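Okay, structure first, notes after.
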Amino acid sequence: FQTHLPGYVTKAEELKGKGIQEIVCVSVNDPFVMSAWGKEHGANGKVRMLADPSAAFAKALDLQVDLPPLGGVRSKRYSMVVEDGVIKTLNVEPDGTGLSCSLADKIPV
């Protein structure tokens, strides 16, 4: 949380300058948590914060992970590039939570 989202906020202008139209952060949380998290990290106007409260999106992508200590079903950590509704690149962290391939500076543009 201290690295993943802030990196996208910091690099938002650079990514958009390279043709990325919208940067979206999806998390298995409610909309109020996502809003507060976005405000805390200065995401407004840079990264769109979307809630996936029932993990439906994570499950549809088969990127869910059951983590009882964190409240049950969560989402693996990943980044993806979507073009015209088609996933062009999907970078899933090998351990589901790490920070090796899904950081903002790893996005192929």
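The values are calculated or read from the model by the stated rules, or taken from the named source; none is laboratory data. Bear in mind the structure is a predicted one, so any value in this text is a computation, not a measurement. In this analysis, Cβ positions are derived from the backbone assuming ideal geometry, glycine residues included, and neighbour counts consider all displayed protein chains. Each accessible area value is taken on the protein alone, full model and side chains, heavy atoms only, with ligands, DNA and RNA left out. Shrake-Rupley method; radii C 1.70, N 1.55, O 1.52, S 1.80 Å.
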>> So, S102, is that one surrounded by 14 or more Cβ atoms within 10 Å (Cβ to Cβ), modelled with pLDDT of 95 or more and polar (S, T, N, Q) or not?
In response: no
>> Restricting to the stretch 74-109, name every residue that is without any contact (Cβ under 8 Å) to a residue 40 or more places away in the chain, charged (D, E, K, R) and part of a strand (DSSP E or B).
In response: E83, K88
> Out of (1) touching a helix residue (DSSP H, G or I) at 6+ places or on another chain (Cβ under 9 Å); (2) closer than 26 Å to K18 by Cα, the odd one out for D84 is which?
Replying inline: (1)
>> Suppose we filter the stretch 90-99 for residues that are open to solvent by 20 Å² or more (accessible area, probe 1.4 Å) and modelled with pLDDT of 85 or more; how many remain?
In response: 4
> Is at least one residue of the stretch 42-54 modelled with pLDDT of 90 or more, of a type in the set (D, E, K, R) and farther than 23 Å from E14 by Cα?
Replying inline: yes
